[in-house]
Amino acid sequence: MEKLIVEGGVALQGTVRISGAKNAALPLIAATLLAPGRHRLGNVPNLRDTRTFLKLMENLGVRHERLGDVLTIDSTDLRSAEAPYDLVKTMRASVLVLGPLLTRMGKAKVSMPGGCAIGARPINFHITGLEKLGATCRLERGYVDAEIDGRLQGDTVYFDIPTVTGTENLLMAAVLAEGTTILKNAAREPEIANLIDMLTGMGARIEGRNTDRLTIHGVDELRPADCDIIPDRIEAGTYLIAIAATGGEGTITHCNPAHLPSLLEKLRLTGLIVDEGDSTVSIRWPKTKPRSLKSVDIKTMPYPGYPTDLQAQFMALMALSTDVCVITETIFENRFMHVAELQRMGADIRIDGHSCVINGHGLQGLSGAQVMATDLRASSSLVIAGLAASGRTEISRIYHLERGYENLVEKLTGLGARVWKEQE
């Protein structure tokens, strides 16, 4: 097992290219199950999660080829409708094959999902939604066993809270249903719009893109399609925060600034200068001395609110601020596991229910330590803290990082960071 070594104290400088979004790539790969033939996906990130998902697709009978960031998927010869535990246990997004398999093959058997230990994240919204469309679902020995007689039937599904994977699963199930399906209180994340673009290219009829009310008019069949994965807004935000935390200056490219409205506003409130281009964002410190970060409160919310996947990274930044701020987590109940590790590096953080109170000690407030990654985004917060800290930080269990950040070491090194991997 590998660990990440970070020698802090270097201001990151330069340009970094943002990869395709993991959270968009996985549902688009799943969508290829809906239509036999060869699909082409561009800007696909090469990550542990995408590789795991492709192994799951292989197990179903799907063939694929990768050339650079282009993935060709042939879903003609499905031989199985089962997603086994061994492949699903490490990645919650595996549940995304449930809707496509059910509507394509009339049945699906999918292991209850695993992934990061950041909260329960139940799939009851998926199951009740599919049952509303006429599926019979049973939970047996850790599996969701679903089947339909004929075709799914369009109906109205209301989500008690917006759910990204639930919205995606119901979208993919409904496009081949008979009649019209309406999804109310649907999630509005950019990754869902990317999926809608893919499904529309396959011949689906969907209204309400970028809204919380999606109307899907079922069609008899779909065709293969070509689609590009959108830039990863979480990776983009992570690098912006890392550059800021180290007192550096840099530009992220091949991104979509419109996907980061809340983060960019929060960064400006700290006193940093943020400039947006069509596909770039630059960040720099003002020339005033002494340098200091203003403390800024955040509260995670469904899109377009502040993303929960950038909460841990912003907390590392706020540990370097000059005053007290409050970070409130409303999406996942266990998403403060990085707090103890940041405390080991000198951060003054107190957990109070669903909120954390951070007493910033300025830009010199962190020091290197041995820490352990607990989930994907917590891992990146420790990297940011290590880059900003004095001394050496050793981060163990970095396989979490490899699930969601493509070429992390190479990209950070390109910005001037002193970071490398070693064996535990």
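The values are calculated or read from the model by the stated rules, or taken from the named source; none is laboratory data. Treat the numbers as computed from the prediction; the structure is a model and nothing was measured. Positions of Cβ are generated from backbone atoms using ideal geometry, with glycine treated the same way; all protein chains shown enter the neighbour counts.
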>> Considering only residues that are part of a loop (DSSP other than H, G, I, E, B), surrounded by fewer than 19 Cβ atoms within 10 Å (Cβ to Cβ) and of a type outside the set (D, E, K, R), which ones fall in region 332-351?
In response: N334, M337, G346
>> Quick check on my filter: what residues within region 352-387 are assigned to a helix (DSSP H, G or I) and small (G, A, S)?
In response: A378, S379, S380, S381, A385, G386
> In region 150-170, which residues are in contact with a Lys or Arg (Cβ under 9 Å, 6 or more places away or on another chain), more than 25 Å from A25 (Cα to Cα) and in a loop (DSSP other than H, G, I, E, B)?
Replying inline: D155
>> Checking the condition touching a Gly at 6+ places or on another chain (Cβ under 9 Å), surrounded by fewer than 22 Cβ atoms within 10 Å (Cβ to Cβ) and modelled with pLDDT under 95, which residue from T251, T288 passes?
In response: T288
>> Of everything in region 6-30, what is in contact with a Lys or Arg (Cβ under 8 Å, 6 or more places away or on another chain) and crowded, with 18+ Cβ neighbours inside 10 Å? Give them in sequence order.
In response: V6, G8, V10, V16, A21, K22
> Which one is nearest to R48 (Cα to Cα) among residues in region 372-398 that are in contact with a strand residue (DSSP E or B) (Cβ under 8 Å, 6 or more places away or on another chain) and β-branched (V, I, T)?
Replying inline: I398
> From the list A193, A173, A186, A146, which one is part of a loop (DSSP other than H, G, I, E, B), among the hydrophobic types (A, V, I, L, M, F, W, C) and not assigned by TED's automatic domain parsing to the domain that holds P307?
Replying inline: A186
> Considering region 258-284 alone, what residues qualify as being assigned to a strand (DSSP E or B) and hydroxyl-bearing (S, T, Y)?
Replying inline: T280, S282
> Name the residues in region 31-44 that are surrounded by fewer than 24 Cβ atoms within 10 Å (Cβ to Cβ) and within 17 Å of D228 (Cα to Cα), would you?
Replying inline: R38, R40, G42, N43
>> I'd like to check something: does region 55-69 contain any residue that is touching a strand residue (DSSP E or B) at 6+ places or on another chain (Cβ under 8 Å), outside the structural domain of T374 (by TED's automatic domain parsing) and among the β-branched types (V, I, T)?
In response: yes
